[in-house]
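Report on one structure; see the data block that follows.
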Amino acid sequence: MPTLANTPYENINPLAGVTYDNRYDISLGAAYDHMKAGPYLLQGANIGGINLSGSYWLSKRWGAEGSFRPYFGTTGVAPNAYHINGPFVSEYFFTAGPEWLGPHNEHGDLIAHVLFGGVYGDFEKDLRGTPVSAVAMYNNQFSPAMIMGGDFDLNRSARWVFRITPDAVLTRYGVNYGNHIHQIDINFAISVGMEYKFKKKR
């Protein structure tokens, strides 16, 4: 009868198949973004959503990434006579650009990306017809957008990856009242989620 001392066992390494030669991957994470809802507001808005991104790898180091990021939350406003406080706002980012695979091994990797595109900001939905000028917010609009940052990946298997994505997010919203200014805002965003690498190889 076998005992614990002589019972054979199999040592399985879940990371044995990590190779970094996949053609496609997709990731989904819970996301946070800090933004300003108006050019004159002192308060920022902390909004949450998702980060849905996908990659097509052209070579071992270089790939093309596309990202869709919707965010939702509430924001502070300027003191006003309309009793508007904490209105709901949202942003929808559509971006794409190059990414570069940096240091990597079977345990994880670092990836840098710069994504370009646009964002739709919905600022007026919860104002109940109040002019945005009365609360010092932006108008609803499309804006150029750029996302600069990257991914910190921790491999869980050959296909599944735990991913953290910190970014700097640049937007250029404007207003159609007062001096009609346009303002470049740079804010912080981060997402945490999972990536799946498809089997097709380069």
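Here are some notes:
- Footprinting exposure proxy for T74, T171 (fewest neighbouring C-beta atoms within 10 Å first): T74, T171
- For K125, the lysines whose Cα comes closer than 27 Å to its Cα, not counting residues fewer than 8 places off in the same chain, are K36.
- Amide H contacts under 5 Å for Q141, placed H, 5+ residues apart: G121, F123
- Per-residue extension of 0.36 nm, minus the Cα-Cα distance of L58 and Y177, leaves a gain of 38.2 nm for this segment.
- Dipole magnitude of the chain, debye to nearest 20 (Cβ charges: Lys/Arg +1, Asp/Glu -1, about Cα centre): 420 debye
- Listed from fewest to most Cβ neighbours within 10 Å, the set V119, V175 follows the order V175, V119.
- Here's the picture: a label point sits 7 Å out from the Cα of N187 along the beta-carbon direction, and within the stretch 137-178 the residues with their amide nitrogen under 12 Å of it are 138, 169-173.
- The alpha-carbon atoms of the chain, seen along their principal axes, cover 85, 41, 22 angstrom, with the largest extent given first.
- Spatial separation of Cα centroids for the stretch 164-196 and the stretch 8-62, in angstrom: 17 Å
- Relative contact order (%) - the chain, alpha-carbon pairs under 8 angstrom, separation at least six: 23 percent
- Neighbour-count order for H180, H113, H34, fewest beta carbons within 10 angstrom listed first: H180, H34, H113
- Partner lysines whose Cα lies under 23 Å from the Cα of K199, excluding those fewer than 8 positions away in the same chain, are identified as K60.
- For the stretch 79-90, Karplus couplings with θ = phi - 60° (6.51, -1.76, 1.60), whole Hz, Gly/Pro x: x, 8, 8, 9, 6, 8, 9, x, x, 6, 9, 8
- Whole-Hz Karplus values for the stretch 92-108 come out as 10, 9, 10, 9, 7, x, x, 9, 10, 7, x, x, 7, 8, 5, 8, x Hz, taken residue by residue from phi with 6.51 cos²θ - 1.76 cosθ + 1.60 and θ = phi - 60°; glycine and proline positions read x.
Each value in this text was obtained by applying a stated rule to the coordinates, not by laboratory testing. Being a predicted model, the structure only gives us computed values, none of them experimental. Reconstructed Cβ throughout: ideal geometry from the backbone, glycine too, with neighbour counts over all protein chains shown.
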